[in-house]
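The values are calculated or read from the model by the stated rules, or taken from the named source; none is laboratory data. Predicted model only: the values in this text are computed from it and were never measured. As a convention, Cβ positions derive from the backbone with ideal geometry for all residues, glycine included, and neighbour counts pool all protein chains shown. The area values use the complete protein model at the heavy-atom level, side chains included, leaving out ligands, DNA and RNA. Shrake-Rupley method; radii C 1.70, N 1.55, O 1.52, S 1.80 Å.
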Amino acid sequence: KSHVVTTNSPDQKATQTYVGNFGASNGLGVEKAATPNHAADNEGGYYDMYMLSFDQLVTLNTIDLGWIQNDSDVSILAFDGLPSQISPAGKSWQSLLSDGWISAGNYYDVGSSPKNVNPLNITSKYWLIGAYNPLLDSITKDTRTDYFKLQAVKVTKYVHLPEPAPFVLLALGLVGLGLRRR
């Protein structure tokens with residue numbers, strides 16, 4: 001599932017809109033935007049981010065931008081908070097980083113080829129992927145306007161292996177000691 005989180009007011013608070021497919025091979029675009037070409041962008045201080053949700057924990061590995069114009073800088077956040085904090089709607093971008101969302105990095109000049117992201121292998125069920133947002137970066141690296149459509153992401157499912165129960169480990173240790181005595 002996905003939807004777009006965007007800022008459309010001077011107070012820099014997020015609101016929600018929907019995505020659509022505007023050009024079969026170009027990727028997802030913002031439904032309520034018209035220029036340029038329904039792309040996610042950071043034009044005029046409005047920051048569009050696609051919110052992707054998965055039914056289990058995943059590690060985001062690569063992003064693939066299907067259409068770009070001008071620059072293609074991207075900000076990525078992963079959710080690691082309480083269920084009541086998931087929605088960014090009505091919150092300022094800066095408050096997200098202290099309200100359950102963590103930065104998975106800012107990526108510059110991504111281009112239209114798959115790009116490896118998330119070098120820390122952060123896992124989450126919820127991801128925000130959007131045009132570069134300097135409000136989420138400690139050092140603004142670029143001031144050009146970014147436009148893109150998200151064509152694909154590659155994720156790895158997180159598999160949690162249960163730890164053996166302590167008594168099983170103790171029993172194995174005792175068996176090992178018994179075998180060693182023989």
Can you spot a residue in region 62-70 that is of a type outside the set (Val, Ile, Thr), open to solvent by less than 40 Å² (accessible area, probe 1.4 Å) and in a loop (DSSP other than H, G, I, E, B)?
-> no
Considering region 107-125, residues that are assigned to a strand (DSSP E or B) and touching a Leu at 6+ places or on another chain (Cβ under 7 Å), and then whichever is most open to solvent (accessible area, probe 1.4 Å), we arrive at Lys125
Going through region 126-141 in order, the residues found to be of a type outside the set (S, T, N, Q), in a loop (DSSP other than H, G, I, E, B) and surrounded by 16 or more Cβ atoms within 10 Å (Cβ to Cβ) are Tyr132
Filtering region 124-154 down to residues that are under 22 Å from Asp99 (Cα atoms) and among the acidic types (Asp, Glu) yields Asp137
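Yes or no, residue by residue, for (1) at pLDDT 85 or above; (2) open to solvent by less than 30 Å² (accessible area, probe 1.4 Å); (3) under 13 Å from Tyr126 (Cβ atoms):
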residue: Ser2; (1), (2), (3): no, no, yes
residue: Asn8; (1), (2), (3): no, no, no
residue: Thr15; (1), (2), (3): no, no, no
residue: Asn21; (1), (2), (3): no, no, no
residue: Ala24; (1), (2), (3): no, no, no
residue: Asn42; (1), (2), (3): yes, yes, no
residue: Gly45; (1), (2), (3): no, yes, no
residue: Met51; (1), (2), (3): yes, yes, yes
residue: Ile76; (1), (2), (3): yes, yes, yes
Taking region 140-156 and keeping only residues that are of a type outside the set (Asp, Glu), closer than 14 Å to Tyr108 by Cα and either in contact with a strand residue (DSSP E or B) (Cβ under 9 Å, 6 or more places away or on another chain) or modelled with pLDDT of 90 or more (or both), one is left with Lys141, Arg144, Thr145, Tyr147, Phe148
In the set Leu136, Leu82, Leu97, the lone residue that is touching a strand residue (DSSP E or B) at 6+ places or on another chain (Cβ under 6 Å) and at pLDDT below 95 is Leu136
Within region 87-105, residues in a loop (DSSP other than H, G, I, E, B), open to solvent by less than 30 Å² (accessible area, probe 1.4 Å) and small (Gly, Ala, Ser) come out as Gly100
